[in-house]
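Asker: Have a look at this one.
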Amino acid sequence: MLRDVMRETWDFPHISQEEQAGELPQRFQQAFVQGVQQAHKEILLELRQTLFKIVRIRFPGALRLAKKQVSAVEESDTLCELIVKMGVAQSLEEAIHALLDVDEEQDEDL
């Protein structure tokens, strides 16, 4: 797939036959890794914003805690799970408990 994308770029014709047959040139590898990292950051930002919107609407009293708890979360799975928990929480106490559990989940991942 990456090779298909590369063929569509203006720089691809300037790649030697050896580079085409072997590994990707380092500059493409670096660009690819940077692109993946940037996409991951953008996904995390979108997930956090979604979570904050849900908390703001359903449990405004827990918004500050939500911002504090998820500011360091780097796992999209954790944020997705928390979004679901906030969506189905029946009370403010349940929402706060789910937010506080984020610390425990982060400790388990280490």
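The values are calculated or read from the model by the stated rules, or taken from the named source; none is laboratory data. Predicted model, so just to flag it, every value in this text is computed and none were measured. Cβ coordinates were reconstructed from backbone atoms using ideal geometry, including for glycine residues, and neighbour counts include every protein chain displayed.
Asker: Restricting attention to the range 81-93, which residues are assigned to a helix (DSSP H, G or I) and surrounded by 14 or more Cβ atoms within 10 Å (Cβ to Cβ)?
Answerer: If the condition is that a residue be assigned to a helix (DSSP H, G or I) and surrounded by 14 or more Cβ atoms within 10 Å (Cβ to Cβ), then 81, 82, 83, 85, 86 are the ones that fit.
Asker: Given the residues 61, 87, which is the only one that is within 19 Å of residue 44 (Cβ to Cβ) and either free of Cβ contacts under 8 Å to residues at least 24 places away in the same chain or in contact with a helix residue (DSSP H, G or I) (Cβ under 9 Å, 6 or more places away or on another chain) (or both)?
Answerer: Answer to the selection: 87.
Asker: Ok, one more. Please work out which residue is surrounded by the fewest Cβ atoms within 10 Å (Cβ to Cβ), limiting yourself to the range 94-110 and to residues that are within 26 Å of residue 38 (Cβ to Cβ) and in contact (Cβ under 8 Å) with a residue 12 or more places away in the chain.
Answerer: Only one residue tops the list, namely 109.
Asker: Please go through the range 48-74 and pick out each residue that is within 11 Å of the chain's Cα centre (by Cα) and either of a type in the set (A, V, I, L, M, F, W, C) or at pLDDT below 95 (or both).
Answerer: Within the range 48-74, 73, 74 qualify.
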